[in-house]
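Just below is one structure, and these are the notes that go with it.
Only the coordinates and a few stated rules stand behind these numbers; no lab work does. Since this is a predicted model, take the numbers as computed values, not measurements. Here Cβ is always computed from backbone atoms with ideal geometry, including for glycine, and neighbour counts include all displayed protein chains.
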Amino acid sequence: MSSKLPFDPKKHEPFGDIFKQMNEFLHDNRPIRGILQTIDDFFRTPFPHMSFPVEVTETDYHHIILAELAGVQKDQIHIDVLGNSVTITVKNDEELSEEDDTKQRYRKRKTMSRTSRTITLPFLINEKTVKASYKNGLLEIAIPKNKGKKVIIDYNE
């Protein structure tokens, strides 16, 4: 005959003590907690290597470049015109310092991220005529179309 004791899931957790000890180790150990916080920050913030959306449209007189840059300050945006290309660069420098209860600094982190997009147009751009504006996270760059000279064809018989 076998004797079966009633199964109580609250008392029978084979890994309960191990999980409890690991949890205490990870949350009470300052260097480990810093590493875990860094991992959490990495997944919480947008990936710096990802690009931002850009749309190019055309009107009768301009080529318009629209870039969505939500959360970016105007001084973080740089626009360069070279030949027939426009490059939009967003730079972000950030410094984070943490202190413990005794006001002793135990972690300081400085990060720099840079993202850029280059848009190539089918004509040389006169950089003096390019206009840009930034409002509510939307960068708009207006590039006037080049006016060509109309060529009259002679008719000889």
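What ranking do 128-134, 76-82, 62-68 get when scored by the average of other Cβ atoms within 10 Å per residue, highest first?
Peptide ranking by packing, descending: 62-68, 76-82, 128-134.
Which net charge results for the neighbourhood of residue 114, defined as the other residues with beta-carbon distances under 15 angstrom from its beta-carbon, given Lys and Arg at +1 and Asp and Glu at -1?
Net charge around residue 114: -1.
Efficiency by 1/(1 + (r/R0)^6): what FRET value for residue 123 and residue 94, r their Cβ-Cβ distance, R0 = 35 Å, to the nearest 0.05?
0.35
For each pair in 74/145; 128/150; 103/135; 74/149; 108/131, compute the distance between the two Cα atoms and list the pairs where it is over 32 Å.
As for pairs spanning more than 32 Å Cα to Cα, those are 103/135; 74/149; 108/131.
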